[in-house]
Structure formats: C-alpha cells, structure tokens
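What follows is one structure encoded as structure tokens, with my remarks underneath.
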Amino acid sequence: MCCTRTTTWTQSGVHAPPPAAHDTIGTFYATGVPTARHGMVARELAMAKVQGFHFDHSVVITAAPTQVLAAFFDPHALAVWWGTVRSVTTPRPLGVYAIEWETTPFQDDVLGTLGGVFHGTVMEFRNGREFFLADAYWLPPESDPIGPMALEVSCRIDGPATRLEVRQSGAEDSARWLRYYALIASGWKDSLVALKRYLEHGAEPRLPSRGITRRM
C-alpha cells in the first residue's frame, strides 16, 4: 500500500471557548475524574491557546490502528521510527508525554543546536483511535523553549489499512517559530515514512503497562 501525504499551512484567529467550558474543566482538575466531556473541553481550551499556524500530515499504513497508535508510546518503537534516545509516555488523561533526541553536532542558523526534548500532557487517549497533547513544548539543547503547542494524532480505517493523521499547532509567527515549523514539516514527513516502513515490516509495538484506562 503506497502512502498518501498532504501538507497544509493555515493562519487563523484565536477563538475563546464558551464560558461553560471553564466550569467543566475546573471540575475535571478538582475531582481528577476524566470523562468524555472533560477530554473534549480540555482539547477546546488547549486549541484556543494555540490556534494559528498548524501542520497537517496524513499517511496510509497497512497495520491495525491499535498498533499505529501504540507506536507513539512504545519506547522501542519510538527509538526506531522517530530516532529518540529516551522517552516517558503515559497513554491516559493527564499522563506525561516526553521524548528526547540526541543533540546534533551542527547548529541551525536560527534555532541553534537541534535535538533536545519535546514534552506535553496527554489530555485525551482513545486506544486505536486518537490521542491529544496540550501544553506541548520543544526544549532545544541550548536556546529558549518553543511553545505552547498542541499535538493531535488520530487513526481511522481506510480499506484494508489505517489512515494516520497528525496535526501540530502553534500560536506565534516569530522568526524562530517559522523556522521551527519549516523544520518539522520536513521532519514529520521523513518520520512517518519511517513509521510506515517499521509497521509494515511486521513490528508489533505495545502500549506501556498503564495503557488503556476505563472511562468513568
């Protein structure tokens, strides 16, 4: 199955969530009990913060959607297709999502040394369907963080395969942000090709032990 890729850049205004959303998400943090409504509101609040520039990419992979999504959480899988050297990923609401790459031996003219750490908070996780990271930041090895951002990853059945869709969003349009998004546009394409190859060669990534959680 060949891969299908689309890339879109969009610049839009910021839309505030309805007042009721603040009450609902406040209850979520007060009680610590995640529900489908809480996950939806958390996403709305996070996206209200970061809507601006975003990067969209999709690829069709001949693998089960559960395996595709698990590849974003399995430490060994992340090392293979995303080139990480360390990761802590917890697929549940309010879970940690942090990955690290080796520091590059060269420097970018705008961002300096590359590599570093990307981290965020898992606000929603639905096994085999999607996960959503809020308050995500990239921490370069030797320069200021870039963020906040949001990362949305979703899967859906597409014939005998799975269509994976990735959206990474950020709010600013400074020179550093624009350079960062130029780099990740290329980086995501290469990484998702590597993910497709990894899964279609028979890999079976697994979720960490604290994976699937029952809805309350």
For residues in segment 183-216 being surrounded by fewer than 15 Cβ atoms within 10 Å (Cβ to Cβ) and among the polar types (S, T, N, Q), which is modelled with the highest pLDDT? 186
Give me the pairs: first residue in segment 69-94 and among the charged types (D, E, K, R), second residue not in a loop (DSSP other than H, G, I, E, B), beta-carbon distance under 6 Å, and six or more apart or on different chains, which are they? 86/100; 92/125
Out of the strands (runs of 3 or more DSSP E) lying entirely within segment 30-118, which hold 2 or more residues that are over 19 Å from residue 150 (Cα atoms) and either at pLDDT 80 or above or not β-branched (Val, Ile, Thr) (or both)? 53-61
Would you confirm, using the coordinates I've provided, whether residue 156 is over 15 Å from the mean Cα position of the chain (by Cα) and part of a strand (DSSP E or B)? yes
Does segment 102-143 hold any residues that are free of Cβ contacts under 8 Å to residues at least 60 places away in the same chain, more than 17 Å from residue 207 (Cα to Cα) and crowded, with 18+ Cβ neighbours inside 10 Å, and which are they? 116, 118, 119, 120, 136, 138, 140
For segment 166-182, which residues satisfy the criterion of being among the polar types (S, T, N, Q) and either assigned to a strand (DSSP E or B) or in contact with a helix residue (DSSP H, G or I) (Cβ under 6 Å, 6 or more places away or on another chain) (or both)? 168, 169
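The values are calculated or read from the model by the stated rules, or taken from the named source; none is laboratory data. The structure presented is a predicted model; accordingly, all values stated were derived computationally and were not measured. Here the Cβ is made from the backbone with ideal geometry for all residues, glycine too, and neighbour counts use every protein chain on show.
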